[in-house]
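**Q** Pasting a structure here, questions to come.
The values are calculated or read from the model by the stated rules, or taken from the named source; none is laboratory data. From a predicted model like this one, the values you see are computed outputs, not experimental measurements. Positions of Cβ are generated from backbone atoms using ideal geometry, with glycine treated the same way; all protein chains shown enter the neighbour counts.
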Amino acid sequence: MTNIAKQIKYKQAIALFLSGLAVLMVLFPSVGQGQPYPRRNAIVDAVQKVSPAVVNISLEYEIRKRISPFSEFSNPLFDEFFKDFFDPGFGRQYKRTSLGSGVIIDGQRGYILTNAHVVEKTGTVTITLNDEREYEAEIVGVDPDSDLAVLHIKANDPLPSIAMGDSRDLLIGETVIAIGNPFGFSNTVTTGVISAANRSFRTKDRVFHDFIQTDASINPGNSGGPLLNINGELIGINTAIYAGAQGIGFAIPINKARRIIEDLIAHGEVIDAWLGLWVQDLDSSLANYYNIPNKQGVLISGVDPDSPAREAGLSEGDVILAIDGRKVVSIEDYQARLRNYGVKDRLTLSIWAQGQKRDIRLEARAFPIAKAPQLAYTLLGLKIDPQAKAGVVVAAVQKGGFLARTGVRPGDVIRQVNEFLVREPVDFYKAVIKYREQESMVFLLQRESQRYYITVPVNR
């Protein structure tokens, strides 16, 4: 190659480099000018927009520690032996404070959404806003099954609130933002991605379904705070971390929460959808007998008269394959799907009946309270006194049943069913209706001055 050719090629290379640099200067004007890359991005904008609506929730409650009048001379064995002889009122009271997070979902009316476990203890609930204003809150309603609660505060002026997104429109891998008060550090921001959707996980006492899984850091105190998309829209409520793992947290999808929020505000409780069906898991022998495709679904073992299911034409022996297109493979699946619907919601059951698949459309109702006394006797072998003036009093127990064998007898008072206090018969009946699909219920019973818990199996 001649010197002239080399010079020409060199000049062409220089020209190409300069043209490329010019393009970069147009696209990124700060490059080469000693200016930092712009720090404001979508995450910063979302945090600044939403932070005023994120609140700190503190719950102050009292605990009483029983102490021995001989404490200065005693040891643990002594205390254990004599504990039942000490007056329960003889002790010290301590105040404890628990912290959590919440988000204002209605600034005009002052409604705040958080986790049920954040406010599960009885005490004074205080809401602290981002600008350090404080309000005492009332608990509007709590739903332990979804781990959601709605609080209310009275403010003279409208409060900042958050826009709700659509948790059906989630992309695995998309950026999400969690804001909360971990360990009391207010308005802490963490980021991550959506790791998975429609996750199920088990705690010590229940199974949760259809949750968002994220690797955004969720620590104690984050509970009840918002999970946001990059647009600053509420897509979930942070609720749990997976014990022993790093980067695995869960949030309640906001679409799942919407119906619960509406029920809690309107009724103070969640009104579950009722179809009037009794179902059981489908084992291989039953699947072969009914010639069920793919050998999956739940078998209808009973249909209540005067129920939506009976009116829609469902019968014993039909098999439910899906609800609104989502597969049902077990009783647990069926119950989880049904919890997404409320009273007057319409849903489509895909069933297998008489050797063919067909869809049944029906409208859910509330379980008739008039059926509750018979339901309680069928499931629990228990009748209560409807005329009792002091609480929920046992009127009769089924001879030879579990309660009778356990020693429960007429005159005993039921104080609590699972997490719910029961003060009158209607409270008890509502609890039985709510937990009728569970394998057991936990009763707090009282006989004279003694209280004790028992786990009562549910007869199906």
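**Q** For the stretch 251-336, which helices (runs of 4 or more DSSP H) that fit wholly inside it have 2 or more residues that are within 18 Å of the chain's Cα centre (by Cα)? Don't jump to the end; show me each part of the working.
**A** Numbers: elements: 254-267, 284-290, 308-312.
Result: 254-267.
**Q** Would you confirm, using the coordinates I've provided, whether Asp87 is assigned by TED's automatic domain parsing to the domain that holds Ser186, at pLDDT below 80 and part of a loop (DSSP other than H, G, I, E, B)?
**A** Yes; evaluated as a whole, the condition is true for this residue.
**Q** Are there any pairs with C-beta distances below 8 angstrom linking a residue in the stretch 160-185 that is closer than 18 Å to Ala216 by Cα to a residue that is surrounded by 12 or more Cβ atoms within 10 Å (Cβ to Cβ) and basic (Lys, Arg), with the two at least 6 apart or on different chains, and if so which?
**A** Ser167/Lys256
**Q** A follow-up question, please. Name the single residue that is surrounded by the fewest Cβ atoms within 10 Å (Cβ to Cβ) among those in the stretch 213-257 being modelled with pLDDT of 90 or more and among the β-branched types (Val, Ile, Thr).
**A** Ile230
Listed here are the residues, each with its yes/no results for (1) surrounded by 14 or more Cβ atoms within 10 Å (Cβ to Cβ); (2) modelled with pLDDT of 95 or more.
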site	(1), (2)
Glu363	yes, yes
Gly391	yes, no
Val394	yes, yes
Asn459	no, no
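**Q** How about the stretch 378-389: which of its residues are surrounded by fewer than 18 Cβ atoms within 10 Å (Cβ to Cβ) and either under 19 Å from Val413 (Cα atoms) or touching a His at 6+ places or on another chain (Cβ under 8 Å) (or both)?
**A** Looking only at the stretch 378-389, we keep the residues that are surrounded by fewer than 18 Cβ atoms within 10 Å (Cβ to Cβ), and these are 378, 383, 385-389.
Matches in the stretch 378-389: Lys383, Asp385, Pro386, Gln387, Ala388, Lys389.
**Q** Could I ask something else about it? Only one residue in Asp304, Asp318 is of a type in the set (D, E, K, R) and crowded, with 21+ Cβ neighbours inside 10 Å, so which one is that? Outline the logic, then answer.
**A** Details: Asp304 fails: crowded, with 21+ Cβ neighbours inside 10 Å.
Among Asp304, Asp318, only Asp318 is of a type in the set (D, E, K, R) and crowded, with 21+ Cβ neighbours inside 10 Å.
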